[in-house]
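The values are calculated or read from the model by the stated rules, or taken from the named source; none is laboratory data. Being a predicted model, the structure only gives us computed values, none of them experimental. Here the Cβ positions follow ideal geometry from the backbone for every residue, glycine too, while neighbour counts run over all protein chains shown. Ligands, DNA and RNA are stripped out before the accessible areas are found, and what is left, the full protein with its side chains, is counted by its heavy atoms. Shrake-Rupley method; radii C 1.70, N 1.55, O 1.52, S 1.80 Å.
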2 protein chains.
Amino acid sequence: MTLAQVAERAGVSRSAVSFVLTGRTDQRLSVETTERVRKAAEELGYRPNMTARTLRTGRSGTVALVSDFVSSTSHANSMVRGALDALRERDTILFTVDTQGDAGQEKQVIDSLLDRTIDGVLYASMFTRAVTPPALLTQVPFVLLNCVPAVGVARAVVPDEVAAGRDSANELLRFGHRDHIWFIGTLPPGVTGGLSWRGWAPLALSERLEGIRQALADVGAELAGTQMVDDDWTTEDGREAVTRLLATGAHPSALICANDAVAAGAYQALHRAELRVPEDVSVVAFDGSPISRAIDPPLTSIALPQVELGRRAVELLFDKEAQPVIHRIAMTMVRGGSVGPAR
Amino acid sequence: MTLAQVAERAGVSRSAVSFVLTGRTDQRLSVETTERVRKAAEELGYRPNMTARTLRTGRSGTVALVSDFVSSTSHANSMVRGALDALRERDTILFTVDTQGDAGQEKQVIDSLLDRTIDGVLYASMFTRAVTPPALLTQVPFVLLNCVPAVGVARAVVPDEVAAGRDSANELLRFGHRDHIWFIGTLPPGVTGGLSWRGWAPLALSERLEGIRQALADVGAELAGTQMVDDDWTTEDGREAVTRLLATGAHPSALICANDAVAAGAYQALHRAELRVPEDVSVVAFDGSPISRAIDPPLTSIALPQVELGRRAVELLFDKEAQPVIHRIAMTMVRGGSVGPAR
DNA sequence: CTGAAAGCGCTTACAG
DNA sequence: CTGAAAGCGCTTACAG
């Protein structure tokens, strides 16, 4: 079913059909002709061949999401959901590729995408960090999703981690906690990103800590201390870190955990020490993952705005006026039962 | 950078370049010519335009994953990971679209994909169920991923849920449980799929139950009973179901939960009734999601083979000889500390 | 062994 | 207002 067949059926030239179907009005086709073309196209169930159109116009109605692990790991991939929603409104479809953080794979994948005439790229990271986008990317419009440029400027969308840090501390302050608040989940000196992603310094960590310190400083307080984890912010990490903390004789009134999995581990360590949440120790964390709903009591967690990140990134990609600046999306606190009054 | 430029630089015809670059040997080009073309292509950094090639050959090196929620929800999307791995080996890239289970969106999306000359489709479901693939799909090779055809036959890959059911029961039998094993997570009569997906009868439920019953029957036993949930196999569902069960005066020695989230809720209900896992009650579940690691003790859970499902689906898609049959992939038990000896 | 030519299905200046 | 023609970048029978 080609445009030529539609033209034949309508008794007009191929040009005329093309003009009608692409909505060009500068040719002032007669209403009657326009109608005849429309009718013929519909009767034949004609759909334009996008490959041919792309070859001719250089536009494909196709965007790619290039990420480290986003589409293959849990949770983070709600970004894909937001992106797909926004793309559907623009009649555009999405290539998805994960590079596992491997530069060689990344180059190969981007080459392969460029060969296919894509209209733009969302360059995404599983967690918030600074990245150096590959040089190839400059051949096409792109937006950084959940990451910021390590050097220079670029259009980027990230969660507002500093504000989230402030919110976490303010929630505890509101319940009367103040001088015995610990942060669980800093990284060992020289390690910036856990076992699986050494060197990928998560902005989430530094910015959340900064926000926490800001909020505490506002009331003349400071963190009682921070507790390191060895690994990747897992449940085991959280359990070990809090076990170690309690072994030092510390008496935390509240814990701010780097993420939900660490908080789940904190629950376990507290439980083993016969400390109750929230009666003895309050806990807040970040992520808003399914884990926050699966532990008892449900965790007060500041949720990553995954869907909104994906959506905004697409909007920026299509916005011709968009400046190369970093957009920060608010994180929302989802309250559970893990925060109670300070003793 | 086009093929014509390579031809000019090498001093040969465009045909010759095409033959060399596509690896056609039936033309018996001289070694010297072949070499000259290779060198010219490399020096110019030539990469073929896939759009032009697709227009000419009708093949695009592109596959689409069409699903309800797979790429936008947690956990299930590890299927994407498996698919991407297998596709990379075949130099093929992946379109991802989620239809939210809406037939209108699905039709629109498949039309849009067909317009782009895709080589095949993976038609996927978030959870294992029977589907009626849209008629449009027959225009292109396809494989059902995590679902089976409601009528007729098709190439399909699903987890071996019956075997998983048997494994769950056998694990409990091994620890001496027998006559007080309950299943948590059946659906109310007439409801087949929870609030969000009414009517999407999950095969997971019926097949896991069947496996459980088989294994128990093998030793002359049967389930003590089943407990319904109202909703979508959430933590709240599990908590309520087990609370209700205990209120009846039942004394389960072990629970088999429909999934990890339900098990997390079961833990909570048991804990509130001052019953310990596994000393008082053993628990096993299905999924192998991050939740199974976040609860205490870690849950013995039979993991969905997500990555393997995705990988196998791609292999079937590219296998010209593949018959329209259902392939079942083994689920693997990941042992936690939630199963102990029967009292 | 090589090269000129047709054609995949479109869009778009350009001439009428 | 309309139509013939060129061309996007390839592949591939076909003639030499």
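Rounded to the nearest 0.05, what FRET efficiency is calculated for A:T22 and B:R47 with R0 set to 25 Å and r the Cβ-Cβ distance?
The value I calculate is 0.30.
Who wins for biggest fluctuation among A:A247, A:A264, A:A16 in a Gaussian network model of chain A, springs between alpha carbons below 10 Å?
A:A16
Less than 22 Å apart at the alpha-carbon level, and either on another chain or at least 8 residues along: which lysines does that give for A:K107?
A:K107 reaches B:K39.
Report Rg (one decimal) and Dmax (nearest whole number) for chain B, counting Cα atoms only, units Å.
Here Rg and the maximum Cα pair distance are 26.0, 89 Å.
Provide the buried accessible surface between chains B and A in square angstrom, both chains summed, 1.4 Å probe, rounded to the nearest 100.
For chain B against chain A, roughly 4400 Å² becomes buried.
Suppose each label sits 7 Å from its Cα in the direction of the beta carbon; what would the B:R174-A:A247 distance come out to in nanometres?
Result for the modelled spin labels: 3.2 nm.
Treating only the Cα positions of the protein assembly as shown as identical point scatterers, give the base-10 log of I(q)/I(0) from the Debye formula at each q in 0.09 Å⁻¹.
-0.87
Can you list residues from other chains, or at least 5 along the same chain, whose modelled amide H is less than 5 Å from the amide H of B:M126?
Sorted by chain and number, the residues that satisfy this are B:D68, B:F69, B:V70.
Just to check I understand the Karplus step: with θ = phi - 60° and J = 6.51 cos²θ - 1.76 cosθ + 1.60, what whole-Hz values come out for the stretch A:47-56, glycine and proline as x?
Each residue of the stretch A:47-56 in turn: 10, x, 7, 5, 5, 5, 4, 5, 4, 6 Hz.
Express as a percent, rounded to the nearest 5, the fraction of DSSP beta bridges in chain B (both residues included) that run antiparallel.
10
Considering only DSSP beta bridges whose two residues both sit in the protein assembly as shown, what percent are antiparallel, to the nearest 5?
Working: 11 of 89 bridges.
The antiparallel proportion sits near 10 percent.
Once you have a ≥ b ≥ c as the square roots of the Cα gyration tensor eigenvalues for the stretch B:161-304, tell me rounded if a/c is under 1.5, and otherwise prolate or oblate according to whether a/b is larger than b/c.
Verdict is rounded for the stretch B:161-304.
Quote the charge dipole size of chain A about the Cα centre in Debye, to the nearest 20; the model charges only the Cβ of Lys and Arg (+1) and of Asp and Glu (-1).
On the way: 35 positive and 41 negative charges, 243 e Å.
Using only the charged Cβ atoms, the result is roughly 1160 debye.
Which listed residue (B:A266, B:I302, B:V157) has the Cα farthest towards the positive end of the charge dipole for chain B, taking +1 on Lys and Arg C-beta and -1 on Asp and Glu C-beta about the Cα centre?
The residue sitting farthest along the positive end of the dipole is B:V157.
Using the Cα gyration tensor of the stretch B:54-104, with a ≥ b ≥ c the square roots of its eigenvalues, what is the shape: rounded (a/c below 1.5), prolate (a/b larger than b/c) or oblate (neither)?
oblate
Karplus couplings for the stretch A:7-19 from phi (6.51 cos²θ - 1.76 cosθ + 1.60, θ = phi - 60°), rounded to Hz, Gly and Pro as x?
These are the phi-based 3J(HN,Hα) values: 4, 4, 4, 7, x, 10, 7, 4, 4, 4, 4, 4, 4 Hz.
What are the label-to-label distances in nm, one decimal and shortest first, from B:G45 to the same spot in the other copies, with labels 7 Å along Cα to Cβ?
With the label placed 7 Å along Cα→Cβ, B:G45 yields 4.5 nm.
Once amide H atoms are placed 1.01 Å from N in the peptide plane, what residues at a sequence separation of 5 or more from A:G120, or on another chain, have their amide H within under 5 Å of its amide H?
The list, which skips near neighbours in sequence, is A:A64.
Using +1 at the Cβ of each Lys and Arg and -1 at the Cβ of each Asp and Glu in chain A, identify which of A:Q5, A:I329, A:G176 lies farthest towards the dipole's positive end.
The residue sitting most towards the positive pole is A:Q5.
May I ask you to report, in nm to one decimal and beginning with the shortest, the distances from B:M228 to the same position in the other copies, taking label points 7 Å along Cα-to-Cβ?
5.5
Keeping every protein chain in place, order A:S338, B:S78, B:S13 by accessible area at 1.4 Å, biggest value first, i.e. largest first.
B:S13, B:S78, A:S338
Peptide A:321-329: average number of partner chain Cβ atoms within 10 Å per residue?
0
Evaluate peptide A:54-62: per residue, the Cβ atoms of other protein chains within 10 Å of its Cβ; return the mean as an integer. Please list the in-between numbers first.
Working: counts 8, 8, 2, 0, 1, 0, 2, 3, 3.
For peptide A:54-62, the averaged partner shielding equals 3.
With charges only on Cβ, +1 for K and R and -1 for D and E, what is the dipole size of the stretch A:161-304 about its Cα centre, in debye, rounded to 20?
Numbers: 11 positive and 20 negative charges, 23 e Å.
My answer is approximately 120 debye.
Output the 0 to 90 degree angle, nearest 10, between the alpha-carbon long axis of helix A:306-318 and the longest principal axis computed from the alpha carbons of chain A.
In chain A, helix A:306-318 runs at an angle near 40 degrees to the longest axis.
With a 1.4 Å probe and all protein chains left in place, how much of the accessible area of the protein assembly as shown comes from carbon and sulfur atoms, in whole percent?
51
Taking Cα centroids, how far is the stretch A:310-343 from the stretch A:225-299 in Å?
Cα centroid of the stretch A:310-343 versus Cα centroid of the stretch A:225-299: 24 Å apart.
Full extension from B:S15 to B:D91: what is 0.36 nm times the residue separation minus their Cα-Cα distance, to one decimal in nm? Intermediate results must be reported in sequence, preceding the final value.
Working: separation 76, 0.36 × 76 = 27.36 nm, distance 2.36 nm.
Value of the extension gain: 25.0 nm.
From the label point of B:Q105, set 7 Å along Cα to the beta carbon, how far off in nm is each other copy's matching point, shortest first?
Nearest to farthest, the other copies are at 2.8 nm.
Can you compute the helix-only [θ] at 222 nm over chain A? Use -39500 (n - 2.57) per DSSP H run of at least 4 residues, normalise by all residues, nearest 500 deg cm²/dmol.
-12000 deg cm²/dmol
Using 7 Å Cα-to-Cβ label points, what is the B:K39/A:T33 separation (nm, one decimal)?
5.5
Would you rank A:V339, B:V31 by solvent-accessible area, highest first, keeping every protein chain in place and using a 1.4 Å probe?
Heavy-atom accessible area, descending, gives B:V31, A:V339.
Going Cα to Cα from A:K320, which aspartates and glutamates come in below 13 Å? Please leave out same-chain ones fewer than 8 positions away.
Qualifying aspartates and glutamates at Cα under 13 Å: A:D119.
Excluding ligands and nucleic acids, what accessible area in Å² is computed for A:E106 using a 1.4 Å probe, to the nearest 10?
My reading of the accessible area for A:E106 is about 30 Å².
Per residue of A:265-271, how many C-beta atoms from partner chains lie within 10 Å of its own C-beta, taken as a mean?
On the way: counts 3, 0, 3, 5, 1, 0, 2.
Partner Cβ neighbours, averaged per residue: 2.
Given +1 on the Cβ of Lys and Arg, -1 on the Cβ of Asp and Glu, and no further charges, what dipole in debye does the stretch A:1-52 carry about its Cα centre, rounded to the nearest 20? It would help to have the intermediate numbers written out before the result.
Working: 8 positive and 6 negative charges, 16 e Å.
The calculated dipole for the stretch A:1-52 is roughly 80 debye.
Take peptides A:149-162, A:301-314 and line them up by average Cβ neighbours within 10 Å, highest first, as a rough protection proxy.
A:301-314, A:149-162
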